[in-house]
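Below is one structure. I have some questions about it.
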Amino acid sequence: MILLVDRPRGTIVYGGVGNVKRWSLGQHFLLSARYRDLPIAKIARLSEAEAYDIFLHARWMDGVPKCPECDSGAWTLGDHSCPGDKRQFRCKSNPCRKKFSVTSGTLLHSRKKDFVTILVAIRLFISGAKGISSIQLGADGDMAIKTAWVLAHKMREAQIKNQLGRQLSGIVEIDGSTYGGYYHQVNEKSERIDRRKLGNITGKEMSVVVARERSTKDRVGLSVCTVVPHEADSRPFIVDSVDRFAKVYADDGSHWDALAAAFDIDQVNHSQRYYDKGICTNQAESYFSRVDRMEMGTHHHIAGDYLWGYACDAVWREDKRRDTQRERFQSILIGLLGNPVSRTMKGYWQRHLEVASEEPNLEAELLVEDENLADDEAEGMSQKDIIALFGRDALPAQRRQPGGRQWKARKPFVPKKPDIRPKPWSEFQQPRGLPSFIP
């Protein structure tokens, strides 16, 4: 047998004695010259004035600034407090008279980095198929890790807002996967806890649910995702995001049965087969494969409050997998400049995420009262009283076994007061069309 590659004509010749076949060799898109249309060296060689011109045309298509407050095109050049700075504008319309710049009122509001550094960071962010870690982004982009982390999450917020309001049609596959809830097993077997029991579940495990269109010859299918405590909680999101005339494919989970009231749904029993006469969830599984590789090889821990950002990052990379580098770059830059100031990623260490209501929080007051009561009762309590009130797990490890060595009495375990601040991007996670849909 002989295997030859006819490179000038892009064909493969495969054959043996008296048997020669020839067919076209399709080149992978990521290996083509069309994909490599924006090398990072080209961005690094830009001057600050050229980078500013890119921002100017990305914010305003015609390159003419407009006031973000009143949308007026009447402005004067320069800031009176900083004479000579030609990148500051002052609105001339009354009673606005606001000062603004090319990044005012956007996700890059109050930026500290220069324009070239931000462009290089965007180019680094879009390069990885499984994302890029904040440590690598900070090292390659010449910035602190905290700065790189905040800038990367601002890009992910642009990706979150990019998928809001989508309506999927055609054939849509839905599936879910769990992330988080990690724990460290203790050394002694006698002290280990069976996490499979309901009473020992930490509650940190969250489900990422994705809905994906099947790609056609004309375009790559779009995707949407959400993060919920359980897969069943995503049903209002599915109802909002999928067209009523779409064909829905799902696995054999019983919680998907209720979607038959709104969609034409077919399910495949994965305990028997992965593919059943065209019914499968392979596109959704492909998405979770990318998320798993992002977690194992790049970010190492994507659970918690920012799980939705990483999940939407994977959605964006799946949807843009057939776009060129320039198209991906423009998508992120326009997303950064086309969305309002971030509620989550502004300020320092997110201290601004406080309860906005001035009404007394009864839940918080009860938690404080319970904590104070536990502190008062801790004085002079016997081991029997501690076990009766808090359970044997509240005792230190050395005192849990009856008849063991007695140690000095310690303060009993008090459950940690939960964080009552709003979660990151929580204002975007509510269903829009039918929030009360509970099958």
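The values are calculated or read from the model by the stated rules, or taken from the named source; none is laboratory data. Everything numeric here is computed off the predicted structure, so don't read it as measured data. Positions of Cβ are generated from backbone atoms using ideal geometry, with glycine treated the same way; all protein chains shown enter the neighbour counts.
Please go through (1) touching a residue at least 24 places away in the same chain (Cβ under 8 Å); (2) among the hydroxyl-bearing types (Ser, Thr, Tyr); (3) surrounded by 10 or more Cβ atoms within 10 Å (Cβ to Cβ) for residue 190 and return the number of the only condition it doesn't satisfy.
Against the list (1) touching a residue at least 24 places away in the same chain (Cβ under 8 Å); (2) among the hydroxyl-bearing types (Ser, Thr, Tyr); (3) surrounded by 10 or more Cβ atoms within 10 Å (Cβ to Cβ), residue 190 comes up short only on (3).
Moving on to the next point. If I ask for residues that are over 19 Å from residue 50 (Cα atoms) and at pLDDT 65 or above, which ones from region 74-92 would you list?
If the condition is that a residue be over 19 Å from residue 50 (Cα atoms) and at pLDDT 65 or above, then 74, 75, 76, 90, 91, 92 are the ones that fit.
Can you name the residue in region 93-121 that is loosely packed, with under 15 Cβ neighbours inside 10 Å and at pLDDT below 85 and is also nearest to residue 347 (Cα to Cα) among such residues?
97
Listed here are the residues, each with its yes/no results for (1) touching a residue at least 40 places away in the same chain (Cβ under 8 Å); (2) part of a loop (DSSP other than H, G, I, E, B); (3) out of contact with any His (no Cβ under 6 Å at 6 or more places or on another chain).
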{"position": "58", "(1), (2), (3)": "yes, no, yes"}
{"position": "69", "(1), (2), (3)": "no, yes, yes"}
{"position": "72", "(1), (2), (3)": "no, yes, yes"}
{"position": "102", "(1), (2), (3)": "yes, yes, yes"}
{"position": "130", "(1), (2), (3)": "yes, yes, yes"}
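Moving on to the next point. Give just the number: which of (1) assigned to a strand (DSSP E or B); (2) in contact (Cβ under 8 Å) with a residue 40 or more places away in the chain; (3) among the hydrophobic types (A, V, I, L, M, F, W, C) does residue 245 not satisfy?
(1)
Pull up region 162-187, narrow it to residues that are assigned to a loop (DSSP other than H, G, I, E, B) and in contact with a helix residue (DSSP H, G or I) (Cβ under 8 Å, 6 or more places away or on another chain), then point me to the one that is nearest to residue 296 (Cα to Cα).
180
Of the residues 207, 241, 234, only one is over 24 Å from residue 181 (Cβ atoms) and among the hydroxyl-bearing types (Ser, Thr, Tyr); which?
241
In addition: With the requirement that a residue be without any contact (Cβ under 8 Å) to a residue 12 or more places away in the chain and either over 30 Å from residue 163 (Cβ atoms) or in contact with a helix residue (DSSP H, G or I) (Cβ under 6 Å, 6 or more places away or on another chain) (or both), what does region 194-227 give you?
Matches in region 194-227: 194, 196, 197, 198, 199, 200.
Which condition number does residue 152 fail, the rest of (1) without any contact (Cβ under 8 Å) to a residue 12 or more places away in the chain; (2) small (Gly, Ala, Ser); (3) crowded, with 19+ Cβ neighbours inside 10 Å being met?
Every condition holds for residue 152 apart from (1).
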